[in-house]
Amino acid sequence: MGVQAVIFDWGGTLTPWHDIEVTEMWRAICSAHLPPDEVERAAVALVEAEKELWRRGTEEHRSATLAEVFELAGVGCSDALLLSHFEAWTPHTHTDPAVPGLFDALRERGIKIGVLSNTMWSRDWHERVFARDDVLRHLDGAVYSCEIPWTKPHAEAFRAAMDAVGATDPASCVFVGDRPYDDIHGAKAAGLRAVQIWHQTTHAFSRPGLTPPDALIHDLEELLPHVERWAAA
């Protein structure tokens, strides 16, 4: 069977997990662009809009965009405000230092590399992050949920990621993610192997009756031996 491709989640997987106070972040972003008497209402509305769209993604598996967040919140979205949003998130987007070496090792073994992320950010924003960290050149394909109708764990999201890297057999693909439901249960239900990377908030994403991963790791440096074992099977 072997391994044809390894597809990665982004936040909390290719980037180390960060606990973030989202309301404070939105306040800071809005404070730079809105009149003082509008900041609090706008920040709260943006937080609630994000929550609703993430709920929709989790429960209905329907994707969303950042433009929808602003529309639902009733807040005008300027290029300058979007830039502030990107800059506010920048400290939390840096790629795990283990990734370049891991990607080199996968490439050396003829294994394709992909990304499948539940995200409201545009492809351009993600590619700016990957290019900054010298990761973009390693990717054979990437799927961002903002560009397709579905979110993980919908099987069509995983199939889209397979198509993006040119993989045809789900049993020959490995998905690596941190969320037990979106990533692991979803990948297994779609026929892929699944590796869960554990961090301290992983339990918050769990629910009863989920399919367990094929492997559990605590660091990306632990991934390659599992892939090599499956590739040799």
Task: Scope the stretch 148-192; condition open to solvent by 30 Å² or more (accessible area, probe 1.4 Å), under 19 Å from Ser206 (Cβ atoms) and outside any helix (DSSP H, G or I); matching residues - done: His154, Arg179
Open item on the list: Can you confirm whether Val75 is at pLDDT 95 or above, farther than 20 Å from Asn118 by Cβ, in a loop (DSSP other than H, G, I, E, B) and touching a helix residue (DSSP H, G or I) at 6+ places or on another chain (Cβ under 7 Å)?
Closed with: yes
TODO: Answer yes if at least one residue in the stretch 15-23 is in contact with a Leu (Cβ under 7 Å, 6 or more places away or on another chain) and assigned to a loop (DSSP other than H, G, I, E, B), and no otherwise.
DONE: no
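Scan the stretch 193-218 residue by residue and report those that are within 25 Å of Ala233 (Cβ to Cβ) and open to solvent by less than 20 Å² (accessible area, probe 1.4 Å). Before the answer, list the steps.
Start the filter on the stretch 193-218 by keeping residues that are within 25 Å of Ala233 (Cβ to Cβ), which leaves 193-198, 210-218.
Ala194, Val195, Gln196, Ile197, Ala215, Ile217 - these are the residues of the stretch 193-218 that are within 25 Å of Ala233 (Cβ to Cβ) and open to solvent by less than 20 Å² (accessible area, probe 1.4 Å).
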Open item on the list: Looking only at the stretch 102-116, count every residue that is in contact (Cβ under 8 Å) with a residue 24 or more places away in the chain and either within 21 Å of Trp26 (Cβ to Cβ) or open to solvent by 20 Å² or more (accessible area, probe 1.4 Å) (or both) and tell me the total.
Closed with: 4
TODO: Only one of these is in a helix (DSSP H, G or I), open to solvent by 60 Å² or more (accessible area, probe 1.4 Å) and under 23 Å from Arg207 (Cα atoms): Arg55, Arg27. Name it.
DONE: Arg55
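The values are calculated or read from the model by the stated rules, or taken from the named source; none is laboratory data. Just so it is clear, the structure is predicted and the values come from calculations on it, not from any experiment. Reconstructed Cβ throughout: ideal geometry from the backbone, glycine too, with neighbour counts over all protein chains shown. Surface areas here come from the heavy atoms of the whole protein model, side chains and all, with no ligands, DNA or RNA. Shrake-Rupley method; radii C 1.70, N 1.55, O 1.52, S 1.80 Å.
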